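**Q** Structure incoming, see below.
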Amino acid sequence: MSGNIVNTTDANFEADVLQSETPVLVDFWAGWCAPCKAIAPVLEVLSDEYQGKVKIVKVDVTACEATAVNYNIRNIPALLMFKNGEVVAQQIGAVPKSKLTAFIDENI
């Protein structure tokens with residue numbers, strides 16, 4: 001996994017995401033989810049391309065149930081963009097890199 005991707009927990013979510021001065025793309029995923037695994041390499045590439053502009057944080061919904069419930073995550077992968085501690089956009093499902101890039105560019 002890329003050194004630019006942060007794996008967070010319920011306990012660290014506030015510090016990793018809500019208090020970040022940089023926009024944060026949060027990937028709600030699970031190890032058993034094939035579409036989640038499909039976009040993981042794309043997120044790694046994007047974490048390098050957007051280094052310093054966007055922080056990418058992964059939340060394992062199996063391990064971080066409280067955070068997943070708090071953000072009403074029903075389908076995964078769910079990508080939520082946070083700015084200043086608030087959700088500003090979301091993208092549900094595995095999408096191609098071009099769509100993820102457009103999603104990030106529109107929301108940072």
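The values are calculated or read from the model by the stated rules, or taken from the named source; none is laboratory data. Here the structure is a predicted model, which means the values were calculated and not measured. Methodologically, a virtual Cβ is constructed for each residue, glycine included, from the backbone with ideal geometry; neighbour enumeration extends over all protein chains shown. Ligands, DNA and RNA are excluded from the accessible area calculation, which covers all protein heavy atoms including side chains. Shrake-Rupley method; radii C 1.70, N 1.55, O 1.52, S 1.80 Å.
**Q** Across segment 5-22, what is the total count of residues that are outside any helix (DSSP H, G or I) and more than 19 Å from Pro77 (Cα to Cα)?
**A** 6
**Q** For Val42, are the conditions met, namely being assigned to a helix (DSSP H, G or I), touching a residue at least 24 places away in the same chain (Cβ under 8 Å) and among the hydrophobic types (A, V, I, L, M, F, W, C)?
**A** Considered against the rule, which asks whether it is assigned to a helix (DSSP H, G or I), touching a residue at least 24 places away in the same chain (Cβ under 8 Å) and among the hydrophobic types (A, V, I, L, M, F, W, C), Val42 comes out as yes.
**Q** Among the residues of segment 65-88, is there at least one that is in contact with a Gly (Cβ under 7 Å, 6 or more places away or on another chain), crowded, with 19+ Cβ neighbours inside 10 Å and without any contact (Cβ under 8 Å) to a residue 60 or more places away in the chain?
**A** Within segment 65-88, one or more residues are in contact with a Gly (Cβ under 7 Å, 6 or more places away or on another chain), crowded, with 19+ Cβ neighbours inside 10 Å and without any contact (Cβ under 8 Å) to a residue 60 or more places away in the chain.
**Q** Return the pairs, sorted by first residue and then second, in which the second residue is surrounded by fewer than 18 Cβ atoms within 10 Å (Cβ to Cβ), the first residue lies in segment 4-29 and is without any contact (Cβ under 8 Å) to a residue 40 or more places away in the chain, the beta carbons are less than 8 Å apart, and the residues are 6+ apart or on different chains.
**A** Within 8 Å, the pairs are Thr22/Gly52; Thr22/Lys53.
**Q** Just to be sure, is Gly31 of a type outside the set (S, T, N, Q), part of a loop (DSSP other than H, G, I, E, B), surrounded by fewer than 19 Cβ atoms within 10 Å (Cβ to Cβ) and at pLDDT 95 or above?
**A** Yes: the conditions hold for Gly31.
Here's the yes/no breakdown for (1) of a type in the set (Lys, Arg); (2) within 12 Å of the chain's Cα centre (by Cα):
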position: Asp10; (1), (2): no, no
position: Val17; (1), (2): no, yes
position: Asp27; (1), (2): no, yes
position: Asp60; (1), (2): no, yes
position: Thr67; (1), (2): no, no
position: Asn70; (1), (2): no, no
position: Arg74; (1), (2): yes, no
position: Ile92; (1), (2): no, yes
position: Asp105; (1), (2): no, no
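**Q** Restricting segment 4-28 to residues that are open to solvent by 80 Å² or more (accessible area, probe 1.4 Å) and not charged (D, E, K, R), which is nearest to Gly85 (Cα to Cα)?
**A** So, considering only residues that are open to solvent by 80 Å² or more (accessible area, probe 1.4 Å) and not charged (D, E, K, R), the one nearest to Gly85 (Cα to Cα) is Gln19.
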